[in-house]
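Below: one structure, written as structure tokens.
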Amino acid sequence: MSARLLIHTESAIIKDKVRTGSIPDGLGEAMIDELMAQINAYSGGTVGKLKTDPSELLRKVPFFQDVLGDDFAKVAAKLRPRTIPAADAIIRQGDRGDSLFLIARGVVRVSHKENGIDRDLATLMAGDFIGEMALLQRQSRTATCRVVTPCSLYELRRKDFDFVCDTCPAIKSVLEAADQVRRQENQQSTA
């Protein structure tokens, strides 16, 4: 029952992101169809294996939309698929940061622990990314990212990240801008 409630909540969040334009209509519909299949599975229905093409996901992420042809194929080829079960941590605060992750499916909660108190910073979904701060700054992770619902992710490891940044400098610029925004948000939430 609780798993079905989480899926319904995720569906509502997706619908809201489609409404606000954060997620394109087609991708939102596909994500909701996948969630409905999960609900059917919990109800005893049959569900086929869910697949997400990294190229399809990349085309939906704003900073990849201007990457053309061969460069786009090179970037997509560097992504490694990962599946993480609910409640597992993808990233732990204080760990070494050697990769970033693009969320293909699922919900991730970002939290920061200070003085023994966990503070939620954000809830992220398909099309969002995590892990860029430690990767760009070559520092330890500043937050913990825990899976709320089972997630499909694509990992970009440091050596591949360096290749992507050399191939597509605009991507590095966007990640640096996102890093700056997230650092400011973190400072405000801990102030």
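For the range 96-155, the alpha carbon convex hull comes to 78 Å³ per residue, rounded to a whole number. Packing, as the average of other Cβ atoms within 10 Å across residues, places the peptides 141-150, 154-163 in the order 141-150, 154-163, highest first.
In the calculated pair distance distribution of the range 60-191, what percentage of Cα-Cα distances lie above 23 Å?
Working: 2551 of 8646 pairs.
Of all Cα-Cα distances in the range 60-191, 30 percent exceed 23 Å.
Taking the Cβ-Cβ separation of K15 and R96 as r and a Förster radius of 41 Å, what is the calculated FRET efficiency to the nearest 0.05? According to the calculation, E is roughly 0.65.
Order the peptides 30-38, 174-182 from the highest to the lowest mean number of other Cβ atoms within 10 Å of their residues. Before the final figure, lay out the partial values.
Numbers: 30-38: 18.3, 174-182: 15.1.
The peptides rank, most packed first, as 30-38, 174-182.
Read-outs: derived from the displayed coordinates by stated rules, not from any lab. Note that the coordinates shown come from a computational prediction; the quantities given were computed from them, not determined experimentally. A quick note on method: Cβ atoms are made from the backbone with ideal geometry, for glycine too, and the neighbour counts reach across all protein chains shown.
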